[in-house]
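Take a look at the structure set out below.
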Amino acid sequence: MTTDLPIPDAVNLTPFQALMIPVALVGAVFLSLGAQFQSRGVQRVEARLGRQSKGLSVRHVLGLLGSGWWVLGTLMLGLAVVLQLISITNAPLIVVQPLGAVALVITTWFSSRSSGVPLGQQARRAVWTCIIGVGIFVGIAAVVGRESAITHQQLVTILVVLAVVLVAVLLSFRFAAKRASAMYYIVGAGVLYGFVATLAKVVLNRFLHGTFDWSTAIAIVGVVVAAALGGYFVQNAYSSGSADLVIAGLTVIDPIVAVGIGVIVLGEAAGAPWIAVVGFLVAAVIAITGVFLLAKHHPETRR
C-alpha cells in the first residue's frame, strides 16, 4: 500500500513549528559538546594504540567504547539527535536543519579555550563566514518554507539516490583511504547525515500517520546504514582534524544535502520566488566557502 502522508500544506511557519527553532538550537548545544568530547576520546585512544593510515581499525573502535570521554560525547550526541528528530518531524527541514551551525560557534570557543591556541583572525573570519551563510539560508527558509504530503514515489526516489551515494562513498573509501584528509571524511559524513535526517523525518511521519509499508522498512535500513557509515567517517575526521573543523563541515554540508532533498524531491520550497532560489544558492556558497577557509587557516591545520 502506498498511502501518502496526510500532512496539510502549510506556507510559512505555524506557532508550533516556530517552537521547533529553540528545540533545534538546544540540540546544537549538545551537538557541540558531544563533538568536543568524542574528539578528545579519539585522540586519547590513538595516543595509546597508534594512528592508522587507512582509518580507524576494529581495535581502535573497540578502544573508543572504553573511553570515558568518547562515551560521554556519544551520550550528548544522542540527546542532540533526539532533539533534532523532534524538530525535523514537526517543522520543515529547510528551516530547522541548518540551525545546527550554532554548534560551530560553541565548539570553536570550547576548542580554543581548552587547547590554549587562539584561532587567529583568518580562522575567526572563516567561522563567521559559515555562520553568515547559514543565517541567510535559515532566514529565507523561514519565509518560503512549506510542508506537503510526502508521497511513496518521493520516498523511493530518495532511497535510489541514497543507494547510489552509498556505492560512491564505499568505492571512494576503497581507493582514497590511504591519503584521505579530514575534509574527505567530513564531506562524506555530511552527505550521509543529510540523507539520515531526511529519511528519519519521512519514517517518523509515516509512523505517526500509520502509513508504514515496505518502502518505509527499507528507509529504516537506509537510516541505520548511512548513520553507521557516517559515524565511522566522523571518528576518522576527529583523528585527522579538529573538532571545530568537523562541526563546521557537518553543520554546513549536512543541512545543504538535507535541504537540497527537501527542496528538489519533497517540494519544501515549492512556489518560492526566483529571488529566494538565488538567495539559497548564494547562502550555500558562502557557507561552504567558510568551511574550506577554516580547513586552510585553522591552527591545527597549519601545524
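What follows draws every value from the coordinates through simple rules; no lab data is involved. None of the values given here were measured: they were computed from a predicted structure. All Cβ positions, glycine included, derive from the backbone under ideal geometry; neighbour counts span all protein chains shown.
Summary table
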item	result
Efficiency of FRET from Cβ geometry, LEU65 and ILE86, R₀ 22 Å, rounded to 0.05	0.20
Distance in nm between pseudo-label sites at TRP109 and ILE275 (7 Å out along the Cβ direction from Cα)	3.4
VAL164-LEU204 FRET efficiency (beta carbon distance; Förster radius 30 Å; 0.05 resolution)	0.80
Extended-chain gain in nm, criterion 0.36 nm per residue less alpha-carbon gap, LEU25 and VAL58	8.5 nm
Label-point gap, in nm, between THR157 and LEU75 - each point 7 angstrom along Cα→Cβ	4.3
ARG48 versus THR14: modelled label distance in nm, points set 7 Å from Cα along the beta carbon direction	5.0
Packing-based ranking, highest mean first, of 228-240, 118-130, 186-198 given that Cβ atoms within 10 Å are counted	186-198, 228-240, 118-130
For peptides 57-63, 24-30, 153-159, sequence by mean Cβ density within 10 Å, most packed first	24-30, 153-159, 57-63
